[in-house]
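Visitor: The structure under discussion is supplied below as structure tokens; questions concerning it will follow.
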Amino acid sequence: MASSCEEIDAALGRLGNKIDGLNGVIDGLKKKLDGLEKEQQKCCKDKSKAFDPTEIYKRLGELEDAVRKIVDYIKITDTAIKAANIALDFIVNLFKF
């Protein structure tokens, strides 16, 4: 049982690292967007061409959806692991006399 718990902990750690990585990507894109908007305000104040961040916002939305799906998957996995641990504890207790 200790081995399976270690494997579960390692898997949860890897999932957490992936989420942190995706959050880092989202933060980087938000900073890049902020920089582009500041640059647009500085460079293009009185010009007729306006910067359209629609595509960037769309991509940020897609990344946010992906992160939410991963978080939901982790919550489901965590629930399954907790249920499995309860079942394992029950089985272990059956053999303790």
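Readers should treat all values here as calculations from the given coordinates under stated rules, not as data from a laboratory. Treat the numbers as computed from the prediction; the structure is a model and nothing was measured.
Visitor: Can you tell me the 0 to 90 degree angle between the C-alpha axis of helix 2-43 and the longest principal axis of the chain, rounded to 10?
Guide: That helix lies at roughly 10 degrees to the long axis.
Visitor: For region 2-94, what does the relative contact order come out to in percent, with C-alpha contacts under 8 Å and a separation of six or more?
Guide: Relative contact order of region 2-94: 39 percent.
Visitor: Helix-only estimate, please: 222 nm mean residue ellipticity of the chain, summing -39500 (n - 2.57) across DSSP H runs of length 4 or more and dividing by its residues, to the nearest 500.
Guide: After summing the helix terms and dividing by the residues of the chain, the value is -31500 deg cm²/dmol.
Visitor: Which of (1) 84, 17, 11; (2) 36, 24, 21; (3) 55, 24, 21 is the computed Cα extents along the principal axes in Å for the structure on display?
Guide: Given (1) 84, 17, 11; (2) 36, 24, 21; (3) 55, 24, 21, the structure-derived one carries the label (1).
Visitor: Going down the table (38/58; 18/38; 30/69; 38/69), which pairs top 23 Å between alpha carbons?
Guide: Cα-Cα > 23 Å for 18/38; 38/69; rest within.
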